[in-house]
Amino acid sequence: MVKDGYFYALGFGVVAAILWHFTGSIALTAIPVILVLFFLWFFRDPTRTIPQGADLIVSPGDGVVTESNWVETKSGSRLRISIFLSVFDVHVNRSPISGTVTVCEYRKGEFLNAMNKDSAMLNEQTLIVIDNGVYEVSFKQIAGLLARRIVCNLKVGDKVERGERMGLIKFGSRVDVLMPADVDLRVSKGDRVVGGSTVLAVLPADAEAYGTVAQAVGA
């Protein structure tokens, strides 16, 4: 359980107690009680099995793959995977690879529906780039229509492990992952993925030849 869930649940629990004390109405009290249960469920943080092996890129979040396409950047072609997290998904985010955080940048923005392709550029978001010494992978936590707060626990210079918890996005949202174009893709549009456990792609043996995504973070 993410600690935020306890705060939300406690607040609505107090409301429920007050309503019951002053009104004795089961119908009125049921509303905040249902919200207590919802927040305890929404902020769940299940244990995940992290796949082992060299050059694996795992999903940073739970959800459904909505896009899988190549984008052109200053550093050449890159593969972008977009994952939509509905309000029913676990919203704890995890690092897609092991390495060192070289970029951690929060950007204010709009709150378009996360399914909108423009949300990747216009919405509130946090951009993280991780360098493992051979290649870099960047990913974005992107706020959606309902999301109003992105939590990122990383800072530049931090060392992270593949699948390590690094933050969350509250309520509906999206995560984008940008990786070298010649990866061996393991998912496709419509697939459901699990944060920290589902392998999105495997880097080729000569991944070093494909450079980095450092200049492509705005793609």
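The values are calculated or read from the model by the stated rules, or taken from the named source; none is laboratory data. No experiment lies behind these values; they were computed from the predicted model shown. Glycine gets a Cβ as well: all are built from the backbone with ideal geometry, and neighbour counts include every protein chain shown. These area figures cover heavy atoms from the full protein model, side chains too; ligands, DNA and RNA do not enter into them. Shrake-Rupley method; radii C 1.70, N 1.55, O 1.52, S 1.80 Å.
Does the stretch 4-46 hold any residues that are among the acidic types (Asp, Glu) and either assigned to a helix (DSSP H, G or I) or touching a Ser or Thr at 6+ places or on another chain (Cβ under 6 Å) (or both), and which are they?
Asp4
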Report task. Take Thr23 and decide whether it is under 23 Å from Asp191 (Cα atoms), of a type in the set (Ser, Thr, Tyr) and without any contact (Cβ under 8 Å) to a residue 40 or more places away in the chain. Result -> no
Query - Some residue of the stretch 76-98 being open to solvent by less than 40 Å² (accessible area, probe 1.4 Å), at pLDDT below 95, more than 23 Å from Ser173 (Cβ to Cβ) and not aliphatic (A, V, I, L, M) - result: yes
Report task. Name every residue in the stretch 10-40 that is β-branched (Val, Ile, Thr), open to solvent by 40 Å² or more (accessible area, probe 1.4 Å) and farther than 29 Å from Val92 by Cβ, in order of residue number. Result -> Ile18, Thr23, Ile26
Report summary line: Within the stretch 18-48, residues closer than 25 Å to Asn153 by Cα and either modelled with pLDDT of 95 or more or of a type outside the set (Ser, Thr, Tyr) (or both) come out as Phe38, Phe39, Leu40, Trp41, Phe42, Phe43, Arg44, Asp45, Pro46, Arg48
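Could we say that Ser59 is modelled with pLDDT under 90 and not aliphatic (A, V, I, L, M) here?
no
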Report task. Please give the number of the condition Trp70 fails out of (1) modelled with pLDDT under 90; (2) touching a Ser or Thr at 6+ places or on another chain (Cβ under 7 Å); (3) open to solvent by less than 60 Å² (accessible area, probe 1.4 Å). Result -> (3)
Query - Residue in the stretch 18-27 that is hydrophobic (A, V, I, L, M, F, W, C) and within 31 Å of the chain's Cα centre (by Cα) present - result: no
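Please pick out the residue among Ala205, Ala120, Ala219 that is out of contact with any Gly (no Cβ under 7 Å at 6 or more places or on another chain), modelled with pLDDT under 80, part of a loop (DSSP other than H, G, I, E, B) and open to solvent by less than 40 Å² (accessible area, probe 1.4 Å).
Residue meeting the stated conditions: Ala219.
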Report task. Residues being among the hydroxyl-bearing types (Ser, Thr, Tyr), under 17 Å from Asp89 (Cβ atoms) and open to solvent by 30 Å² or more (accessible area, probe 1.4 Å): count how many of those fall in the stretch 41-65. Result -> 1
Report summary line: Reported set for the stretch 47-71 where residues are part of a strand (DSSP E or B) and either at positive phi or in contact (Cβ under 8 Å) with a residue 12 or more places away in the chain (or both) is Leu56, Ile57, Val58, Gly63, Val64, Val65, Thr66, Glu67, Ser68, Trp70, Val71
Requested in this report: Could you look through the stretch 72-110, keep only residues that are among the hydrophobic types (A, V, I, L, M, F, W, C) and closer than 14 Å to Leu185 by Cβ, and pick out the one that is nearest to the chain's Cα centre (by Cα)?
Outcome: Ile83
